[in-house]
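Shown next, in structure tokens, is the structure this report addresses.
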Amino acid sequence: MRFQLILPEDIHLVVPLVKKMAKASISEALLLQRFQEMVTQNYECVGIFVGDDLIGVCGMWFCTRHYSGRSIEIDHVFIEEDFRNQGIGSELLSWIENYAKSKDYETIELNTYVENIKSHEFYDRKNYKKLGFHFLKSL
């Protein structure tokens, strides 16, 4: 298993995995369009590979925030079902933390869905602190 940044020209590789976790109403074409735009906006994506197979992804947004300084926000963490509960998520977070430090970032933050209790428990074990709620309004 290896962690590797997905090059912008290869971002289409992540779409099938993200589609599995996205709302059914979001088409692969729309996801691809959004990802192609995202790679132009301080966004990177790390892939988890077993051999040549992409079995997981995690997006990373890079910014500076008034309350946390230079921060990476991890996004759309997904690992194929057959590879879950094997410590890969922990290894992924460790990789991201090391990558963030190598780029002189100070913090990592994330959002999880309210109903995703397993992810809450996972991030609690990894010493992430709950700071608030994430709100969304469609325009």
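The values are calculated or read from the model by the stated rules, or taken from the named source; none is laboratory data. Quantities reported herein were computed from a predicted structural model and do not represent experimental measurements. Virtual Cβ from ideal backbone geometry, glycine too; neighbours counted across all protein chains shown.
Descriptive notes on the structure:
- In region 35-49, the residues that are assigned to a helix (DSSP H, G or I) and either exposed (fewer than 13 other Cβ atoms within 10 Å of the Cβ) or among the small types (Gly, Ala, Ser) (or both): GLU37
- Among residues of region 85-106 that are modelled with pLDDT of 95 or more, those with a beta-carbon under 7 Å from a residue that is of a type in the set (D, E, K, R) at least six positions away or on a different chain give the pairs LEU93/LYS126; ASP104/ARG70; TYR105/ARG70; GLU106/ARG70.
- Of the residues making up region 56-78, just one is aliphatic (A, V, I, L, M) and under 11 Å from GLU106 (Cβ atoms), namely ILE72.
- Yes/no for LEU32 being in a helix (DSSP H, G or I) and at pLDDT 95 or above: yes
- Cβ pairs under 9 Å, 6+ apart, first in region 48-70 and at positive phi, second polar (S, T, N, Q) and assigned to a strand (DSSP E or B): GLY69/THR107
Yes/no matrix, rows are residues, columns are (1) crowded, with 16+ Cβ neighbours inside 10 Å; (2) within 21 Å of MET38 (Cβ to Cβ); (3) of a type in the set (Ser, Thr, Tyr):
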{"position": "GLY51", "(1), (2), (3)": "no, no, no"}
{"position": "GLY69", "(1), (2), (3)": "no, no, no"}
{"position": "ILE74", "(1), (2), (3)": "yes, yes, no"}
{"position": "VAL77", "(1), (2), (3)": "yes, yes, no"}
{"position": "GLU81", "(1), (2), (3)": "no, no, no"}
{"position": "GLY87", "(1), (2), (3)": "no, no, no"}
{"position": "TYR99", "(1), (2), (3)": "yes, yes, yes"}
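- Region 110-125 residues that are under 19 Å from MET60 (Cβ atoms), paired with ones that are assigned to a helix (DSSP H, G or I) and of a type in the set (Ser, Thr, Tyr) (beta carbon under 8 Å, 6 or more apart): LEU110/TYR123; THR112/SER119; THR112/TYR123; TYR113/SER119
- Within region 3-20, the set of residues being more than 12 Å from PHE78 (Cβ to Cβ) and not β-branched (Val, Ile, Thr) comprises PHE3, GLN4, LEU5, LEU7, PRO8, GLU9, ASP10, HIS12, LEU13.
- Search result, residues across region 101-112 that are crowded, with 16+ Cβ neighbours inside 10 Å and among the acidic types (Asp, Glu): GLU109
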